1. Would you mind calculating the gained length between Met25 and Arg42 on full extension (0.36 nm times residue separation, minus the Cα-Cα distance), in nm to one decimal?
2. Identify all lysines with a Cα-Cα distance to Lys68 below 24 Å; exclude those on the same chain that are fewer than 8 residues away in sequence.
3. Grab the Cα-Cα distance for Val35 and Thr86, subtract it from 0.36 nm times how many residues apart they are, and report the gain in nm with one decimal.
Amino acid sequence: MPIYVYELLRDDGAEGEEFEVFQKMSDEPLTHHPVTGQRVRRIPARTAIGGMWSEGAMSNSVSDDKLKKHGFTKYVKTGDGTYEKTVGSGPSMISGNDLPGS
């Protein structure tokens, strides 16, 4: 279920306090604060939809143990522009010149 961001509408036109609400995508936008009854508007914001491909799920599904188990090699870029192997059976280090298209 996505999180929507709303802003209180003030009579003087100043920006109001923002708050977040979990709502179904099919729900109509709120027009009033659910507790205080003040007028609100939904403001454009990146929605957070969890699920099978969320950041947390992806970090669990591509763990070093799983990569190694399935025969992948993982490299992490170091400060000097080379890539060091963290898991797998590939070379222990590669440089940018070793990568395809270099």
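Coordinate-derived values only; no laboratory data. What you are looking at is a predicted structure, and each value in this text was computed from that prediction instead of being measured.
1. On the way: separation 17, 0.36 × 17 = 6.12 nm, distance 1.28 nm.
Stretched out fully, the Met25 to Arg42 stretch lengthens by 4.8 nm.
2. The reachable lysines, counting only those whose Cα sits under 24 Å from Lys68, are Lys77, Lys85.
3. Working it through step by step, the gained length comes to 13.3 nm.
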